[in-house]
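Reviewing the structure listed below.
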Amino acid sequence: MLRFEQVSKGYSGGFVALDRVSFELAKGEMAFLTGHSGAGKSTLLKLISLIERPSAGRVFINGVDLTGIKPRQIPYVRRDVGMIFQDHRLLMNHSVFDNVALPLVIEGFTGRDMAKRVHAALDQVGLLDKARCLPATLSGGEAQRVGIARAVVNKPPLLLADEPTGNLDPDLSKDIMRVFEAFNQAGVSVLVASHDLGLIARMRYRTMTLKGGKMINDGLLHQEDSE
Ligand code: ADP
Ligand code: ADP
């Protein structure tokens, strides 16, 4: 599904945020990406969603090498990648329904076809009854679920989340992780960046650890590692 080959990313000023990172995420796999603040987690996700481009190395999605991709092809690649942010980035003056519908509107869906898909996505995150609400009236956990519904509404095979539980208490965090788990069990590949080692260790999934831009560990994280 996803392959990094010796990927480095330097920012202007010469700062190396990622240093020769290689890994593969199989189709249908779920994994965590962890490391301290500044370790390079966001940068790695931005290379997948084509917000940033690598300085060296290659990134493949579904066998497609993103290195040579033309600007006009970027929307087609992004369509395969659902992205969830810590601050959910909802449009505050639009309803929950309209927020979730946005990716479909961009793809040209309208009417009942669009509504059916939006309702299906809201149903999957348990928020059908909030469709008409404005985001400001939602709790933090609910707002994050809307962000997830928006990311999955066009059924991308790959979901990326950047600190999706950063603003949530432990119980709500666990609930959000269960939502990702459910999508994974339905066949979606999932990569979640988080520095919450306690939560990650309890979930028992493959965990890749970045430190200073280098991949220093890749495997199951044990409970004692997080203490
Ligand atoms: P993380 O998500 O693990 O906190 P980031 O990928 O956000 O790490 O950042 C890795 C390093 O790269 C940090 O030192 C950060 O300050 C730096 N960095 C991130 N984005 C930029 C940018 N646009 N320009 C310069 N430096 C950046
Ligand atoms: P996150 O919390 O997701 O790791 P950050 O707060 O590190 O994100 O970064 C927020 C934004 O600022 C990102 O777009 C990142 O690329 C940019 N950024 C981070 N560090 C720097 C930096 N040192 N110089 C310029 N831009 C940066």
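The values are calculated or read from the model by the stated rules, or taken from the named source; none is laboratory data. Just so it is clear, the model here is predicted, and its values are computed rather than measured. Cβ: placed from backbone, ideal geometry, glycine included. Neighbour counts: every protein chain shown. Please note that ligands, DNA and RNA were not included when accessible areas were found on the heavy atoms of the full protein model with its side chains. Shrake-Rupley method; radii C 1.70, N 1.55, O 1.52, S 1.80 Å.
List of remarks:
- Of all accessible heavy-atom area on segment 109-202, the percent that carbon and sulfur account for (1.4 Å): 50
- 3J(HN,Hα) from dihedral phi, segment 189-199, Karplus parametrisation 6.51/-1.76/1.60, rounded to Hz, x for glycine, proline: 7, 9, 10, 10, 8, 7, 9, 7, 5, x, 4
- In order along segment 24-36, the phi-based Karplus estimate (6.51 cos²θ - 1.76 cosθ + 1.60, θ = phi - 60°) of 3J(HN,Hα) comes to 10, 10, 6, 4, x, 8, 10, 8, 10, 10, 10, x, 5 Hz; Gly and Pro are listed as x.
- Whether the chain is rounded, prolate or oblate, judged on the alpha carbon gyration tensor where a/c under 1.5 counts as rounded: oblate
- The alpha carbons of segment 9-136 stretch over 47, 31, 30 Å along the principal axes, in descending order.
- Heavy atoms of Lys116 accessible to a 1.4 Å probe, total area in Å² rounded to 10: 150
- Residue-wise HN-Hα coupling along segment 89-95, computed from phi with Karplus coefficients 6.51, -1.76, 1.60 (Hz; x: Gly, Pro): 6, 7, 7, 6, 9, 10, 5
- For Tyr205, distant residues with modelled amide H under 5 Å away: Leu221
- Dividing the radius of gyration of the alpha carbons in segment 99-227 by their Kirkwood radius gives 1.02 for Rg/Rh.
- Potential extension, Thr67-Leu102 segment - 0.36 nm per residue separation minus Cα distance: 9.8 nm
- Potential lengthening between Asp171 and Ala136 on full extension [0.36 nm per residue; Cα-Cα distance subtracted]: 10.5 nm
- Distance (nanometres) between label positions extended 7 Å along Cα→Cβ at Met92 and Ser37: 2.2
- Long pairs among Lys130/Lys174; Lys41/Lys130; Lys9/Lys116; Lys27/Lys174, criterion Cα-Cα beyond 30 Å: Lys41/Lys130; Lys9/Lys116
- Heavy-atom accessible area per residue - the chain, 1.4 Å, Å²: 49
- Helical runs assigned H by DSSP (4 residues or longer) give the chain a calculated mean residue ellipticity at 222 nm of -10000 deg cm²/dmol, each run adding -39500 (n - 2.57) before division by the residue total.
- Whole-angstrom gap from segment 130-160 to segment 32-110, using each part's C-alpha centre: 15
- Database remark: amide H of Leu210 closer than 5 angstrom to the amide H of Thr34, Gly35, Ile216 (H placed geometrically; neighbours at sequence offset of 5 or more, or on other chains; Pro and chain starts carry no H).
- Note on Tyr11 and Ile216: the model spin-label points, each 7 Å out from Cα along the C-beta direction, lie 2.0 nm apart.
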